[in-house]
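Reviewing the structure listed below.
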Amino acid sequence: MNTPRLTVIGTGYLGATHAICMAVLGFEVLGVDVDQAKIDRLASGEVPFFEPGLPELLAKALESGRLRFTTSFQEAAEFGDVHFICVGTPQKQGSHAADMTYVDASVSALAAHLTRKALVVGKSTVPVGTAARLTALVKELAPAGDEVELAWNPEFLREGFAVEDTMKPDRLVFGVASAWAEERLRAAFEPVLAQGVPVKVTDLATAELVKVAANSFLATKISYINAMAEVCEATGADVHDLAEALAFDTRIGGRFLRPGLGFGGGCLPKDIRAFMARAEELGVGQAVGFLREIDGINQRRRARTVDLVTELAGGDVAGKRIAALGAAFKPNSDDIRDAPALDVASTLHRLGARVTVFDPAAMENAKRVHPELSYGESALDAARDADVVVLLTEWTEFREIDPAAMAAVVAGPSIVDGRHALDPAEWRAAGWEYRALGRP
Ligand code: UDX
């Protein structure tokens, strides 16, 4: 069969990356968004968020003439054979459930113009059962009726590795309801599959579940080691060494076993909450009840970091100067959604501390959401006259700080290493009082 023309609906983090990479891989791609300003920026070659390698690929895709953008769903429906739905599913206000407004609106808007055979592919992270519901919706709204099919292809990309994860993912998952849908998906990922990327073909519900099950597992692994950190703190044991020793067991492995301040970002926290909410609706809330504990352990790490800073500040942070190194939820990202770093910084501020933040990429976002905090020009600038320094995001440039140079600018050389990013021996040798979560 012919090479499909692709549309990507929603040009946020996931959609923009998918659209750009698919055009670079040789497909004709139309990016669709309701936000004209976003479309204009992308069409002029500007990636509206921080992602290493993506601006270069956008330039390449635009130059090839294979990537265009529009706000018209009619144009999208006329152009595309395979339509990827990449809009966000944020946490609902005042609830743990996922807000499906954008998914429902974009699928409805597209379906209304589908007058010929086409495949609509959901990529967004959704409550299990969504694909079945959308199948009925599409068939009802589309002029082409039963000619239009729905499939699910969950996305596992990590911020900071978005290009790599799209071009050569660990696996592809195709949730399909027919052999035709599978064939169309195989055609739409032909260059990726040609590299030997494994593909798992399943039903729609399983495909939806793979995503939330994977994120729940990853969150569980992080909270597991952070729970061990709590035990270490009560016994004088060292969670850093414990994690390294566990990692040698190939059944356990070392990835996602880094103890510290815990997980944040736009996916893991909201996905485990939405999963719990959906499981409750399905009457199997008990099966994933442990995720409440995973969330709780994660939140306690933030509180414990505030406690350590308070201890080093002499029991009270009021009036003390605190340098907060990091704002992004993880390094190589400017994303501050549910960022543990900013949670800690703003809690310290609420307790009366004078907090100065520095982050290599997330300053603009942090200033917008937390105008009450002060901001430095560099790590050293933020640390000037600080009573306590707290490292909250493990950027490489923080790992490379010269402890002697920083000791020379602070009021008192005390540091809390919230991410186990520094060498305690080196910092102590330079005169610092060094503290880390779960380490003696
Ligand atoms: C995550 C999933 O990894 C990805 O597959 C999914 O598509 C989206 O959600 P992302 O949010 O980009 O990706 O970040 P990730 O690299 O997974 O890190 C999540 C959080 O966990 C970060 O705050 C990070 O600092 C923290 N983390 C990660 C730890 O605290 N310890 C670890 O060992 C690993």
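The values are calculated or read from the model by the stated rules, or taken from the named source; none is laboratory data. Given the structure is predicted, the values throughout are model-derived calculations rather than measurements. With ideal geometry, Cβ positions are generated from the backbone for all residues, glycine too; neighbour counts draw on all protein chains shown.
Being within 23 Å of Arg368 (Cα to Cα) and more than 27 Å from the chain's Cα centre (by Cα) is the filter here, so list the residues in region 297-335 that pass it.
Arg321, Ile322
Restricting to region 362-384, what's the tally of residues that are surrounded by fewer than 21 Cβ atoms within 10 Å (Cβ to Cβ) and touching a Phe, Trp or Tyr at 6+ places or on another chain (Cβ under 8 Å)?
Summing the residues that are surrounded by fewer than 21 Cβ atoms within 10 Å (Cβ to Cβ) and touching a Phe, Trp or Tyr at 6+ places or on another chain (Cβ under 8 Å) in region 362-384 gives 7.
Against the definition (over 26 Å from the mean Cα position of the chain (by Cα), closer than 26 Å to Asn298 by Cβ and touching a residue at least 40 places away in the same chain (Cβ under 8 Å)), how does Leu351 come out, yes or no?
Here the answer is yes, as Leu351 does meet what is asked.
Cβ-Cβ distance below 7 Å, separation of 6 or more or different chains: which pairs start in region 147-160 with a residue that is within 20 Å of His113 (Cα to Cα) and end on one that is polar (S, T, N, Q) and more than 6 Å from the ligand (Cβ to nearest atom)?
From residues that are within 20 Å of His113 (Cα to Cα), the pairs are Glu149/Ser178; Leu150/Thr135.
Any chance region 386-400 includes a residue that's more than 26 Å from Phe263 (Cβ to Cβ), away from the ligand (no atom under 16 Å from the Cβ), of a type in the set (D, E, K, R) and surrounded by fewer than 17 Cβ atoms within 10 Å (Cβ to Cβ)?
no
Does Arg300 satisfy the condition of being more than 11 Å from the ligand (Cβ to nearest atom), under 15 Å from Gly438 (Cβ atoms), touching a residue at least 60 places away in the same chain (Cβ under 8 Å) and not aromatic (Phe, Trp, Tyr)?
yes
So for region 167-179 (the condition being among the polar types (S, T, N, Q), surrounded by fewer than 18 Cβ atoms within 10 Å (Cβ to Cβ), more than 24 Å from Pro269 (Cα to Cα) and touching a Leu at 6+ places or on another chain (Cβ under 9 Å)), does at least one residue qualify?
no
Would you check if Asp334 is in contact with a helix residue (DSSP H, G or I) (Cβ under 9 Å, 6 or more places away or on another chain), at pLDDT below 95, surrounded by fewer than 24 Cβ atoms within 10 Å (Cβ to Cβ) and acidic (Asp, Glu)?
Answer is yes for this residue.
I need the full set of residues from region 242-274 which are surrounded by fewer than 17 Cβ atoms within 10 Å (Cβ to Cβ), more than 6 Å from the ligand (Cβ to nearest atom) and either assigned to a loop (DSSP other than H, G, I, E, B) or among the acidic types (Asp, Glu) (or both), in order please.
Glu244, Phe248, Asp249, Thr250, Arg251, Ile252, Gly253, Gly254, Arg255
Out of the residues in region 33-70 meeting the condition of being of a type in the set (S, T, N, Q) and loosely packed, with under 15 Cβ neighbours inside 10 Å, tell me which one is farthest from Val120 (Cα to Cα).
Looking at the filtered set, the residue picked out is Ser44.
If you scan region 304-355, which residues turn out to be touching a strand residue (DSSP E or B) at 6+ places or on another chain (Cβ under 6 Å) and farther than 18 Å from Trp432 by Cβ?
Residues satisfying the conditions are Ala327, Ala345, Leu348, His349, Ala353, Arg354, Val355.
Can you go through Phe69, Phe27 and tell me which one is at pLDDT 95 or above, in contact with a Leu (Cβ under 9 Å, 6 or more places away or on another chain) and over 22 Å from Asp165 (Cβ atoms)?
Answer to the selection: Phe69.
Check region 184-198 and report whether any residue there is within 13 Å of the ligand (Cβ to nearest atom) and more than 28 Å from Arg278 (Cβ to Cβ).
No, because not a single residue in region 184-198 is within 13 Å of the ligand (Cβ to nearest atom) and more than 28 Å from Arg278 (Cβ to Cβ).
Here are the criteria: (1) surrounded by fewer than 17 Cβ atoms within 10 Å (Cβ to Cβ); (2) touching a residue at least 60 places away in the same chain (Cβ under 8 Å); (3) on the phi < 0 side of the Ramachandran plot; (4) not basic (Lys, Arg). Tell me which single one Pro340 does not satisfy.
Pro340 satisfies every listed condition except (1).
Which residue, of Val128, Val120, is within 26 Å of the chain's Cα centre (by Cα) and assigned to a strand (DSSP E or B)?
Going through Val128, Val120 in turn, just one is within 26 Å of the chain's Cα centre (by Cα) and assigned to a strand (DSSP E or B): Val120.
Would you confirm whether or not region 83-97 contains a residue that is assigned to a helix (DSSP H, G or I) and among the aliphatic types (A, V, I, L, M)?
no
Provide a single number: the residues in region 138-163 that are more than 9 Å from the ligand (Cβ to nearest atom), surrounded by fewer than 18 Cβ atoms within 10 Å (Cβ to Cβ) and under 22 Å from Ala213 (Cα atoms).
Counting residues in region 138-163 that are more than 9 Å from the ligand (Cβ to nearest atom), surrounded by fewer than 18 Cβ atoms within 10 Å (Cβ to Cβ) and under 22 Å from Ala213 (Cα atoms) gives 0.
Residue under question is Glu280, and the condition is that it be acidic (Asp, Glu), within 30 Å of Thr130 (Cα to Cα) and more than 12 Å from the ligand (Cβ to nearest atom); does it hold?
Considered against the rule, which asks whether it is acidic (Asp, Glu), within 30 Å of Thr130 (Cα to Cα) and more than 12 Å from the ligand (Cβ to nearest atom), Glu280 comes out as yes.
Could you identify the single residue in Thr305, Thr393, Thr310 that is under 30 Å from Leu14 (Cα atoms) and among the hydroxyl-bearing types (Ser, Thr, Tyr)?
Matching residue, one of Thr305, Thr393, Thr310: Thr393.
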